[in-house]
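Structure, as structure tokens:
The values are calculated or read from the model by the stated rules, or taken from the named source; none is laboratory data. This structure is a prediction, so every number in the text was calculated from the model and none was measured. Quick reminder, even Gly has a Cβ in these numbers, built from the backbone with ideal geometry, and neighbours come from all protein chains shown. To get the accessible areas, we keep the full protein, side chains included, count just its heavy atoms, and leave off ligands, DNA and RNA. Shrake-Rupley method; radii C 1.70, N 1.55, O 1.52, S 1.80 Å.
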Amino acid sequence: VYEHLTYGVDHISIATLPGMWERTVTVGSAGKMFGVTGWRVGWSVGPAELIQPTLSAHTRIVFTSNTPLQEGVASALKLAKENDFLSIQRQEYEHRRNRLMAIFDDVGLPYVVPDGAYYLLVNAAAIKIPSDYSFPDFIEERGPNFKLVYFFIKEFGVSGIPPTEFYSEPHRHLANDYIRFAFCKTDEGLDEAAKCLQSLKKYLKETS
């Protein structure tokens with residue numbers, strides 16, 4: 001669903017690889033493409049023998065999406081091509097990506113440089129949370145990654161997603177030190193985040 005949001009690389013659809021069309025359902029999302037995730041409008045492309053059961057499942061789970069939003073997406077797809085929307089959007093998001101990376105460079109936290117989408121995975125292992133810091137029970141029971149994200153919210157006013165939510169239980173520990181931040185924000189929002197994160201520096205562990 002982020003096929004148009006790539007930075008310096010081209011997206012290659014699995015369905016275009018040899019022998020993969022008949023084994024692949026390609027999913028598109030107007031929510032991701034146009035920044036309207038609440039609309040919940042998308043599409044699936046693939047061979048009939050895969051799309052038919054997909055449609056059957058969709059009908060029984062979601063049933064349908066409302067007509068005005070489908071009309072809106074149809075118009076958006078047409079206008080996007082006419083106005084070079086996707087290229088402009090890519091440039092704007094790349095600017096915001098670079099802005100958020102510069103913010104974390106300044107405060108001394110490393111990250112994975114994303115080649116696509118609009119998320120930055122930041123390694124916050126260098127943050128030392130005070131041993132006597134108080135966490136509510138519903139955070140305490142979710143483990144160290146949730147505690148790390150909670151600490152960022154309460155102390156710095158900057159919210160992220162705990163990536164352990166995307167891992168199976170045996171591998172969840174691999175993401176304990178990471179936080180996923182989104183850069184699909186306004187420039188003003190990113191500037192405010194930069195100011196808020198300055199106080200992070202006092203919690204950095206000393207390195208030898």
> Considering amide H positions built from the backbone, and no H for Pro or chain starts, which residues 5 or more places from residue 111, or on another chain, come under 5 Å of its amide H?
Replying inline: 123
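So for 67, 6, 59, what's the accessible-area order with a 1.4 Å probe, most first?
67, 59, 6
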> If R0 is 35 Å, what FRET efficiency do you get for residue 15 and residue 159 from their C-beta distance, rounded to 0.05?
Replying inline: 0.50
>> I need the semi-axes of the equivalent ellipsoid of the stretch 25-113: take the C-alpha gyration tensor, multiply each eigenvalue by 5, square-root it, list largest first in whole angstrom.
In response: 33, 18, 13
>> How tilted is helix 85-107 with respect to the longest principal axis of the chain? Cα atoms for both, answer in degrees (0 to 90, nearest 10).
In response: 10 degrees
>> Please compute the length gained on full extension between residue 70 and residue 202, using 0.36 nm multiplied by the number of residues separating them and subtracting their Cα-Cα distance.
In response: 42.6 nm
> Per residue, how much accessible area does the chain have with a 1.4 Å probe, in Å²?
Replying inline: 62 Å²
> At a 1.4 Å probe radius, carbon and sulfur cover how many percent of the accessible area of the chain?
Replying inline: 55 percent
> Looking at [x] 16.9; [y] 19.9; [z] 17.4, which value of Kirkwood radius over Cα pairs in Å comes from a calculation on the structure shown?
Replying inline: [y]
